[in-house]
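Below is one structure; the comments refer to it alone.
The values are calculated or read from the model by the stated rules, or taken from the named source; none is laboratory data. A quick note: this is a predicted structure, and the numbers were derived from the prediction, not measured. Because the Cβ atoms are built from the backbone with ideal geometry, glycine has one as well, and the counts that use them run over all protein chains shown. Calculation scope for accessible area: heavy atoms of the full protein, side chains included, ligands and nucleic acids excluded. Shrake-Rupley method; radii C 1.70, N 1.55, O 1.52, S 1.80 Å.
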Amino acid sequence: GRVMTPTLALIVQREAEIAAFRPVPFYNVVLAMNDFTVMSERMDHKEDAERLQTACMDASVIVKKVESKEKHENPPALYDLTTLQRDANRLLGYTAQQTLDYVQSLYEKKLCTYPRTDSRYLTDDMADGLPVLVYAVAKVMPFAKGVSITAEVQQVINDGKVTDHHAIIPTMTLKDADFDDLPAGERSILYLISARLLCAIGQKHHYAEITTTVECAGTEFTAKGRSELHPGWRTLDTVCKAMLKGKA
């Protein structure tokens, strides 16, 4: 009761705020530069935006500041059943039950490990044999052709985060499988599981986040963008998803 009552009150309050929300229009002025566009801050009144737009028509633009911050994106963890179902729904439109049925069939065909798991890691005793599996998977997966593969296996090894069953990964049986004989749904799920293994042991994705600030008619405008420095695991992820969308 002591927990339920205040929690319920917060939910009711939030629901009331959502119900009472009314959208408020706002306005931005956008300037087209040679290679990019810059945008003003939000303005509440259309007249203010129109005045600024008119003032900028024949005015010069001064670049005041360009900031670049290097950032990185770590590889994703391996799939457990829930995250596999989520990605299969988002990318392929499969229901949770469809995904479970497909991955269960792949398990019975010995093409992937046990599917009903809530772990996203592998155990220590799997570390030594993992590189062999990784390169076998890369050799037969169509989206991995011509892509440099790394095997940072320690990124996916964690005994403390494995309970009854480890993460879902493909098996060595994959190297002798005829993908054309698989139903389309099973093949797509197998591609997802294989791509996730190759991404999870890949290198970080490095990029630069760039913010440019200019001034026109006494008002600051900004533009934000990203510049890729090293694609890392994103290369395989992008190619696989493009291929799956083409098949879906």
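Remarks
- Out of every Cα-Cα pair that the range 141-215 contains, those further apart than 20 angstrom amount to 49 percent.
- Taking label points 7 Å from Cα along the Cα-to-Cβ direction, ASN34 and THR213 give a separation of 2.3 nm.
- Placing one equal scatterer on every Cα of the range 65-173 and applying the Debye formula, the log10 ratio I(q)/I(0) at q = 0.11, 0.17 Å⁻¹ is -0.42, -0.93.
- Alpha-carbon Debye profile of the range 66-124, log10 I(q)/I(0) at 0.13, 0.19, 0.22, 0.26 Å⁻¹: -0.44, -0.74, -0.91, -1.13
- Label-to-label distance, nm, for residues given as GLU47 and MET243 (7 Å Cα→Cβ offset): 6.0
- Net charge, PHE26 excluded, C-beta distance under 15 Å - Lys, Arg +1, Asp, Glu -1: -2
- Once backbone amide H atoms are built at 1.01 Å from N, TYR79 has ILE168 as its partners under 5 Å, excluding neighbours fewer than 5 places away on the same chain.
- The phi torsions of the range 66-83, fed into the Karplus equation with coefficients 6.51, -1.76 and 1.60 and a -60° offset, translate into couplings of 10, 10, 10, 10, 7, 9, 9, 10, 5, x, x, 6, 5, 7, 9, 5, 5, 5 Hz, rounded to whole numbers, with Gly and Pro shown as x.
- Kirkwood Rh, angstrom, the range 128-175 [1 / mean 1/r, Cα pairs]: 12.2
- Subset of LYS161/LYS204; LYS64/LYS224; LYS65/LYS224 violating a 18 Å alpha-carbon distance limit: LYS161/LYS204
- Here's the list of lysines a cross-link from LYS245 could span, going by alpha-carbon distance under 23 Å and ignoring same-chain residues fewer than 8 apart: LYS139, LYS145.
- Nearest-0.05 FRET efficiency for SER68 and PHE179, computed from C-beta distance (R0 45 Å): 0.55
- Neighbour net charge for THR171 - beta-carbon separation under 10 angstrom, K R +1, D E -1: +3
- The fraction of accessible area contributed by carbon and sulfur in the range 1-40 is 66 percent, rounded to a whole number (1.4 Å probe; ligands and nucleic acids excluded).
- Put simply, the range 111-248 fits an ellipsoid with semi-axes of 36, 20, 14 Å; these come from the alpha carbon gyration tensor as the roots of five times its eigenvalues, largest first.
- Taking a point 7 Å out from the Cα of ASP125 in the direction of its Cβ, the residues of the range 142-168 whose backbone N falls within less than 19 Å of it are 154, 156-168.
- FRET E, pair VAL3, ARG86, Förster distance 22 Å, beta-carbon r, rounded to 0.05: 0.15
- For the range 1-160, the relative contact order works out to 14 percent when only alpha carbon pairs closer than 8 Å and six or more residues apart are counted.
- From the C-alpha gyration tensor of the range 1-125, square roots of 5λ in Å: 48, 28, 17
- Using the Cβ of GLY202 as centre and a radius below 9 Å, the other residues enclosed give a net charge of 0, where K and R count +1 and D and E count -1.
- Summarised as an ellipsoid, the range 38-80 has semi-axes of 40, 18, 7 Å, derived from the eigenvalues of the Cα gyration tensor scaled by 5 and square-rooted, with the largest first.
- Across the accessible surface of the range 98-188, with the other protein chains kept in place and a 1.4 Å probe, carbon and sulfur atoms take up 46 percent.
- Of the three principal axes defined by the Cα atoms of the chain, the extents in descending order read 68, 57, 35 Å.
- Ranking by accessible area, most exposed first, for LYS110, LYS161 with a 1.4 Å probe: LYS110, LYS161
- Every helix of 4 or more DSSP H residues in the chain counts as -39500 (n - 2.57), and over all residues that averages to -12500 deg cm²/dmol at 222 nm.
- Average accessible area per residue (Å²) across the chain - probe 1.4 Å, nucleic acids and ligands excluded: 61
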